[in-house]
1. Let me spell out the model: positive unit charges on the Cβ of Lys and Arg, negative unit charges on the Cβ of Asp and Glu, origin at the Cα centre of the stretch 95-223. What dipole size does that give, in debye rounded to 20?
2. In whole Å, what are the Cα extents of the stretch 122-250 along the three principal axes, biggest one first?
3. Only Lys, Arg, Asp and Glu count, each charged at its Cβ (+1, +1, -1, -1), so figure out the dipole size of the stretch 358-482 about its Cα centre, rounded to 20 debye.
4. Given 0.36 nm per residue, what is the gain on full extension from residue 474 to residue 412 after removing their alpha carbon distance, in nm?
5. Tell me, in nm to one decimal, what length is gained between residue 95 and residue 405 on full extension, where the rule is 0.36 nm per residue of separation less the Cα-Cα distance?
6. Lysine pairs in the stretch 41-232 with alpha-carbon atoms under 14 Å apart, 8 or more places apart or on different chains: how many are there?
7. Sort 136-149, 360-373 for me by packing, meaning the mean count of neighbouring Cβ atoms within 10 Å per residue, highest on top.
8. At 222 nm, what value in deg cm²/dmol follows for the chain if DSSP H runs of at least 4 each add -39500 (n - 2.57) and the sum is divided by all its residues, to the nearest 500?
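Since every read-out is calculated from the coordinates, none of them should be taken as a lab result. Because the structure is predicted, anything quoted here is derived from the model rather than measured. Here the Cβ positions follow ideal geometry from the backbone for every residue, glycine too, while neighbour counts run over all protein chains shown.
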Amino acid sequence: MTIDESTLKGKTAKGLFWGGMSNGAQQLLNLFFGIFLARILNAEDYGMVGMLTIFTVIAGSLQESGFTNALVNKKDASHKDFNAVFWFSTLLGVTLYIILFFCAPLIAQFYHKPELTPLARFLFLGFLMSSTATAHNAILFKRLMVKQKAIAQITGLTISGIVGVTMAFNGMAYWGIATQSVVNIMITNALFWYFSPWRPTLSINLRPLKQMFEFSSKILVTNIFIQTNNNIFSLLLGRLFSTAEVGYYTQANKWDNMGYSLIGNMVNGVAQPVLTAVSDDQDRQRNVFRKMLRFTSFISFPAMFGLALVAHELIVIAVTDKWLPCVTILQWLCIWGAFFPITTLYTNLIISKGKSNIYMWNTIALGVLQLVALLFAHPYGIQTMIITFVLINVGWLFIWQYFVWRLLRLTLIKALKDILPFAFFALATMAVTYFITLNVSNIYLVFTIKIIIATAIYIFTMWVTNSVVFKESMQFLLNRKK
């Protein structure tokens, strides 16, 4: 069945709107609670949890096993398909938790931190809880129920933030961060159950997984590599550098993640279902993809370059000058963060075409290159490692573009025409703003002025250049207001 153009456009616009509202609210909450935690805790506390992150995310990827994407891509997915995924994910989640529970002392020994054993066993409860809501999350994702997911995620973040700050304030240090994570997952997934119209049945039949496994297994391998890439610094730094340096990276990465995930998650929440819906018509899919590419660039570059612009003031105001060593790290990560949502959109296009093998092998190649480069770079210090990481990830966008060209016949020239104008205007905006505010000494004043001036210049530039994306975005917001 062909989806009407206006219907698809409306669903996409609403999905992006609610995705933006949700992620915006989540980032504000993260900012609010993050400020309190960072003022109470120190770099070593963040480093303790950061050392375990790679284990939790890889275990989470294993229990999900790519079946969320497989269910979304399967246009005739039935109750048996969702039920099989539910039981597989739940049983595997339990198995993985038992294994990691007994491996916790080995993890602590690897980092030479005995106190990591009880912390790991508690923190790993998070992916165990997530395993029971994989199918429910897939239902909400497939049906573009972005509003319901937003309510669940914001509620979980609010309650868990209060719990985490309260524990940290009462001297429970890194246990506050760990508890915040576990409570967030528990509440969010409970609400996924509540909002999802689907319920599992007791008949356990895993045979439907066989049809999806060829696709989902490649997503699984890819997700593991992605999580490894995203968290490899925590693993390497924890082994090669001090706990404080791990904490500085963790703090900088947290702020960077708050920035790029606002855009990336907003796009990711609608890209695969929408692109899959028009996958039978290449011309239409190409047009939809290019519109999403322009919108992503329109939002991502000013947001992330702007974060780099105010990084110094933001860190000092929000979490005090004890975290100043993380400013330079944050600014470099913001460069990668500006391109991350574009990479996310490219990979969603590849997945919507059913080419999970391309997604997998391309990500594996990127992961191997990063690992080798970082191991060679580490003797030159943490900053050199980070610069290497950023350059490799930004450069790899050209590799993704090659495969998008093969699948969609979107040339590099056309893609650059959709991306580069927004990157150029955003960079020019931040440069002008920097020089205008160069002689302002009051940190609160310069922080405020930078945001106001940069926003005004960028909006004026979009208006003067007659940007279609800007006009459509404003029209949509005005129509919603009416």
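1. Numbers: 10 positive and 2 negative charges, 102 e Å.
Dipole about the Cα centre, nearest 20: 480 debye.
2. Here the Cα extents, ordered largest to smallest, are 48, 32, 26 Å.
3. Values: 9 positive and 2 negative charges, 101 e Å.
Dipole size: approximately 480 debye.
4. Answer, rounded to one decimal: 19.5 nm.
5. Working: separation 310, 0.36 × 310 = 111.60 nm, distance 4.12 nm.
Using 0.36 nm per residue and subtracting the Cα-Cα distance, I get 107.5 nm.
6. Working: 74/142; 74/210; 75/142; 80/210; 210/218.
Total qualifying Lys-Lys pairs in the stretch 41-232 comes to 5.
7. Numbers: 136-149: 20.6, 360-373: 16.6.
Top of the packing list down: 136-149, 360-373.
8. Details: 22 runs with 404 residues, N = 482.
Computed ellipticity for the chain at 222 nm equals -28500 deg cm²/dmol.
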